[in-house]
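Novice: Structure below; questions to follow.
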Amino acid sequence: MDHAIGLLERLGSSARLVAGGHSLLPMMKLRLANFEYLIDINPLHEELGYIKINTDDVRVGALTRHRELLESDELAAAFPIFREAERVIADPVVRNRGTLGGSLCQADPSEDLSAVCTTLDAQCVIRGPRGERVVSMKEFHVGPYETAVGDDEILTEIRLPRRPGHGSAYEKVERRAGDWAVVSAGAAVWLNGDGTIADARVGLAAVGPNTTGIPEISDIMRGQVADEPLFERAGAIAARSCDPVTDQRGSEEYKRHLADELTRRTLRKAVERARS
C-alpha cells in the first residue's frame, strides 16, 4: 500500500490506478482519458479484498471483486440490496475482475453500487501520504466522474453501519441483461420496535447526477407507519427530484415514471424484509 501511494505521490496526475479496468480502459480507447502511467494494484487484493461482518458495521475492502460481493451469504444476510444489485451488474467476465472501489471511483451517475452505498449510508476510507480520512458518500461523490480521492490517495475501505430492524432492496430496468440501467433504485428502511419507521433512504441511478440520495423522502417517512399511501408519496418525490434526459434508453417522461414505480417497489420490499 505504501509503495502504491508513493508512486501516486511521485507521478501525480499523470498516473491512474487500475484494478479491473473495465471502466478505465474503454475511456482511454475513446480518448476520454489519457495517462502516462497505469499502476496495477491487483497485487494488493490480499490486503484490500475482504468482507468483514462486525456487530456494528460491515467493512468491505475496496479491491473486493463483484463476484465476491455476489457470492457472500453473510453480506446478503446483512444487506440483501448488495446481492440484488450485483446480480444485474454487467456479466460474469466483468464481475470476476471489477471491484467495488473501482465502481465507486468511476463515479458514473448510472453506476449501481454508488446508489447502493448511498442508500446504506456508507462511509469511505481514503488513505494517502498524509494519513487516513473517512468521508460520507455525499462528500465522496463530488460530481459526475469526480470523487474526493486526491491524485496521491487510494480508496481502501467502505464501511456500512448496521442497525436493528433493517431491510433493503434493489430494482433495475435495463434494455438487455448486463446493460447500464435505464433507471435503477435502491431503498433501505429501519423500523422501530413499535413498527414505525426510524429511518429510510432511497437512491436512484441513471436519472441525473445528484439522485443517489433524496433527503426529502427520508424526512417524510421517519416516524410514520409504512403503508401504500406513504410509498406513493415517496415515489412522487423521486419522480420530481430526478433529472433524466431523453436518449436511446428512453424518454424523460418514461424515466420519471420508472423512478416513481421502482421507488415504491423497493420501499415495499425493504419494509417487508425489515418486518421479518
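Condition check ((1) free of Cβ contacts under 8 Å to residues at least 40 places away in the same chain; (2) under 17 Å from the mean Cα position of the chain (by Cα); (3) at positive phi) across all residues:
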position	(1), (2), (3)
G21	no, no, yes
P26	yes, no, no
G61	no, yes, no
L70	yes, yes, no
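Novice: Only one of (1) open to solvent by less than 40 Å² (accessible area, probe 1.4 Å); (2) closer than 24 Å to F140 by Cβ; (3) in contact with a strand residue (DSSP E or B) (Cβ under 6 Å, 6 or more places away or on another chain) fails for I237. Which number is that?
Specialist: I237 satisfies all of (1) open to solvent by less than 40 Å² (accessible area, probe 1.4 Å); (2) closer than 24 Å to F140 by Cβ; (3) in contact with a strand residue (DSSP E or B) (Cβ under 6 Å, 6 or more places away or on another chain) except (3).
Novice: Do any residues in the stretch 129-142 that are over 11 Å from T118 (Cα atoms) have Cβ atoms under 8 Å from those of residues that are open to solvent by less than 70 Å² (accessible area, probe 1.4 Å) and in a helix (DSSP H, G or I), where the two are at least six apart or on different chains, and which pairs are they?
Specialist: Pairs that qualify, where the first residue is over 11 Å from T118 (Cα atoms) and the partner is open to solvent by less than 70 Å² (accessible area, probe 1.4 Å) and in a helix (DSSP H, G or I), are P129/I5; P129/G6.
Novice: So, one more: How many residues are among the aliphatic types (A, V, I, L, M) and either more than 17 Å from N192 (Cα to Cα) or surrounded by fewer than 24 Cβ atoms within 10 Å (Cβ to Cβ) (or both) if we restrict to the stretch 254-270?
Specialist: Let us first name the residues in the stretch 254-270 that are among the aliphatic types (A, V, I, L, M), namely 258-259, 262, 267, 270.
Adding the requirement that they be either more than 17 Å from N192 (Cα to Cα) or surrounded by fewer than 24 Cβ atoms within 10 Å (Cβ to Cβ) (or both) leaves 258-259, 262.
Qualifying residue count, the stretch 254-270: 3.
Novice: Quick one: what pairs do we get from the stretch 226-237, first residue more than 9 Å from R264 (Cα to Cα), second of a type in the set (D, E, K, R) and in a helix (DSSP H, G or I), C-beta under 6 Å, 6+ apart or different chains?
Specialist: Taking only residues 6 or more apart or on different chains, the pairs are I237/E216.
Novice: Within the stretch 53-61, can one find any residue that is at pLDDT 95 or above, surrounded by 21 or more Cβ atoms within 10 Å (Cβ to Cβ) and not in a strand (DSSP E or B)?
Specialist: No: the stretch 53-61 contains no residue that is at pLDDT 95 or above, surrounded by 21 or more Cβ atoms within 10 Å (Cβ to Cβ) and not in a strand (DSSP E or B).
Novice: Quick check: is even one residue across the stretch 70-87 open to solvent by 40 Å² or more (accessible area, probe 1.4 Å) and part of a loop (DSSP other than H, G, I, E, B)?
Specialist: Within the stretch 70-87 (the criterion being open to solvent by 40 Å² or more (accessible area, probe 1.4 Å) and part of a loop (DSSP other than H, G, I, E, B)), the answer is yes, since at least one residue qualifies.
Novice: Considering only residues that are outside any helix (DSSP H, G or I) and of a type in the set (G, A, S), look in the stretch 220-234 and name the one that is surrounded by the fewest Cβ atoms within 10 Å (Cβ to Cβ).
Specialist: Applying the first criterion (outside any helix (DSSP H, G or I)) to the stretch 220-234 yields 222-227.
From what's left, of a type in the set (G, A, S): 223, 226.
Details: G223: 11, A226: 22.
Result: G223.
Novice: Within the stretch 1-48, work out how many residues are part of a loop (DSSP other than H, G, I, E, B), under 20 Å from H66 (Cβ atoms), of a type outside the set (S, T, N, Q) and at pLDDT below 95. Let's see the steps before the verdict.
Specialist: Within the stretch 1-48, the subset part of a loop (DSSP other than H, G, I, E, B) is 1, 19-23, 30-36, 41.
Restricting the remaining residues to those that are under 20 Å from H66 (Cβ atoms) gives 19-23, 41.
In the following step, the residues that additionally are of a type outside the set (S, T, N, Q) were identified as 19-22, 41.
Still in the running and at pLDDT below 95: 19-22.
So the answer is 4.
The values are calculated or read from the model by the stated rules, or taken from the named source; none is laboratory data. This is a predicted model, so every value here is computed, not measured. Note that we place each Cβ from the backbone using ideal geometry, even for glycine, and neighbour counts take in every protein chain shown. All accessible areas refer to the heavy atoms of the entire protein, side chains included, with ligands and DNA or RNA removed. Shrake-Rupley method; radii C 1.70, N 1.55, O 1.52, S 1.80 Å.
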